[in-house]
Amino acid sequence: MNNKYYKRWGISEAKFRHLIRCFSLDLTATETAELTGISLR
C-alpha cells in the first residue's frame, strides 16, 4: 500500500512510522521533533 503522506512531506517511510509511533505514545510535538530530527515547521 502506498502512503501518500510521507511521500508528499519528503520523508522516508521509516521516519513516518517513527512519527506515528511517537504520537501513539502520547509524546508532544516538541519531544517527537527532538527524537526524529524533524523540525516543527
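Since every read-out is calculated from the coordinates, none of them should be taken as a lab result. Computed from a predicted structure; not experimentally measured. A quick note on method: Cβ atoms are made from the backbone with ideal geometry, for glycine too, and the neighbour counts reach across all protein chains shown.
Count charges around L27 for me, please; just the other residues with Cβ under 13 Å from its Cβ, Lys/Arg as +1, Asp/Glu as -1.
Charge balance in the 13 Å sphere: -2.
Between E13 and E34, what is 0.36 nm times their sequence separation minus the Cα-Cα distance? Round to one decimal in nm.
5.8 nm
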